[in-house]
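A quick write-up on the structure given underneath.
The values are calculated or read from the model by the stated rules, or taken from the named source; none is laboratory data. Note that the structure is predicted; figures quoted are calculated from it, not measured. Glycine also receives a Cβ, built like all others from the backbone with ideal geometry; neighbour counts cover every protein chain displayed.
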Amino acid sequence: MKRVLISPVWGMYRRRSFKQDGAVFDSNNRQNKGQDSMRIRGLVSLSATAVLLCLGGCATNTMTGRNQLALVSEASVSQQSVSSYTSMMGDFDKKNKLIEGTALNTRIDTITNRLIQQAVLYHPKSAQWDWKVSVIDDEKTINAFCMPGGLMAIYTGLISSLRATDDEIANVMGHEIGHALAGHGAEKMSMQMASNTGVAILSILIAKDNKDYQTTNTALAAGALAFINLPNSRTTEVEADKLGIELAARAGYDPAASVSLWEKMATATHSKGKGDFMSTHPSPEKRQENLRRLSVLMQPLYAYGKSAAMPYDWLHGAKYSRPTYSEKDAIAFYSEEWEAFKAGSTSLSGENQVSLVLKQRDLAKAYQEQHWRDLALGVSASNYRWDLGYFYLASAAAALGYPKAARVYASTAEELAAEAGTACAQKRLLSCSGIDVANEVRRMGR
């Protein structure tokens, strides 16, 4: 990304000419020297801004383990959601389209409360969200959503048209909650900000005049939508499927229902067989294949979840009386990376320490605050081979109850601490964060 944004400034503006009012002007001509100089300074400024956004705005999402662009905070997006949700539900209420106080409301509330009870275990801060679910009387609309901050709605069309069972409703609502837990709303806004910056820069670079700038800007914006924003959306849909099916299983709802749900959805929307290049959702066939695989993995959680007691009433109970959860005890969603960590088989093989420079502060903070899940996932995502990384893994594994894995990581950390090329004490760009790895590892072994 940095090459795309920076290189064209110098590559395209070293020499360029265009016609205006019948005269030929060269970018090196004195008549345009001042104008071009100002334009280039503006481009350099825009490029620098874009690069800073890219370097400073990326963070590892501990819900998914993926590096996400985070230029907008979760709190900011949640505040905007309150306004949007209140306005939307107000409009439905004026049209008498909100269903309240019925058996259907009780059914949806029960399912949603069980899902929220699991969600807060993964994302403890969500215990203070303003959780709410509305039932919208619209038989023609097959949809449900969860805005950032836990503001949800489900349309009657989804329930009646699909003849959805409780298990199927739980899986679709779990999917929507998954979007909120993973911060997809904030990521989407961040992606839009970044792509707008890129489009502005490239439009100025390519355009010959103001009129051409407008045309070029429109074309590039369409390209950004297809190749930047929508691919990101397909990624987030797959992530929400994964998070949603696990939430539903832990809440005691059959994960296999996620497959039947999307089979019904494909039939109801006549989408089966269509290509998915310009769709924000994976094709039904791809989605069902992935969900079938996940449903098998989720069966043990489902067996355990079926016997769980009724949860706290997150939707109607007083906020001050809610259960509280610590970030120290946050659990992780299933992933190959997490399973590898628990087994002691996480392997850090990367050698690019520059990519770790911006992340080391977050890792140190997670260690100091004992956010063990976040620390383990952050180290795995950074994938840099050094003693401190393995020490972090050892500390997280020990605290989370994986003693065998902790010993494996501690042993590797001790070996790397004795080698100049992998010891944090020998690094110029990286810091040991005040930790004497060799001594700390020996202390762990006592």
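Structural remarks
- Among the helices (runs of 4 or more DSSP H) confined to segment 355-446, the ones with at least 1 residues that are in contact with a helix residue (DSSP H, G or I) (Cβ under 7 Å, 6 or more places away or on another chain), under 25 Å from residue 66 (Cα atoms) and not aliphatic (A, V, I, L, M) are located at 360-368, 372-382, 387-399, 403-417.
- Residue-level check: of (1) assigned to a helix (DSSP H, G or I); (2) surrounded by 13 or more Cβ atoms within 10 Å (Cβ to Cβ); (3) over 22 Å from the mean Cα position of the chain (by Cα), residue 300 misses just (2).
- Among the residues of segment 130-154, the one identified as under 22 Å from the mean Cα position of the chain (by Cα) and among the polar types (S, T, N, Q) is 143.
- Residues satisfying the stated conditions in segment 303-313, i.e. part of a loop (DSSP other than H, G, I, E, B) and either on the phi > 0 side of the Ramachandran plot or in contact with a Phe, Trp or Tyr (Cβ under 9 Å, 6 or more places away or on another chain) (or both): 306
- Residue in segment 216-234 that is in a helix (DSSP H, G or I), modelled with pLDDT under 95 and among the charged types (D, E, K, R) present: yes
- Failed condition for residue 345, given (1) surrounded by fewer than 16 Cβ atoms within 10 Å (Cβ to Cβ); (2) assigned to a loop (DSSP other than H, G, I, E, B); (3) not assigned by TED's automatic domain parsing to the domain that holds residue 402; (4) not hydrophobic (A, V, I, L, M, F, W, C): (3)
- Number of residues in segment 395-433 that are in contact (Cβ under 8 Å) with a residue 40 or more places away in the chain and surrounded by fewer than 13 Cβ atoms within 10 Å (Cβ to Cβ) equals 2.
- Within segment 274-307, being modelled with pLDDT of 95 or more and polar (S, T, N, Q) holds for 295, 299.
- Scope segment 314-331; condition part of a loop (DSSP other than H, G, I, E, B) and either under 15 Å from residue 123 (Cα atoms) or among the aliphatic types (A, V, I, L, M) (or both); matching residues: 314, 315, 318, 322, 323, 324, 325, 326, 330, 331
- Criterion: modelled with pLDDT of 95 or more and assigned to a loop (DSSP other than H, G, I, E, B) - qualifying residue of 101, 149: 101
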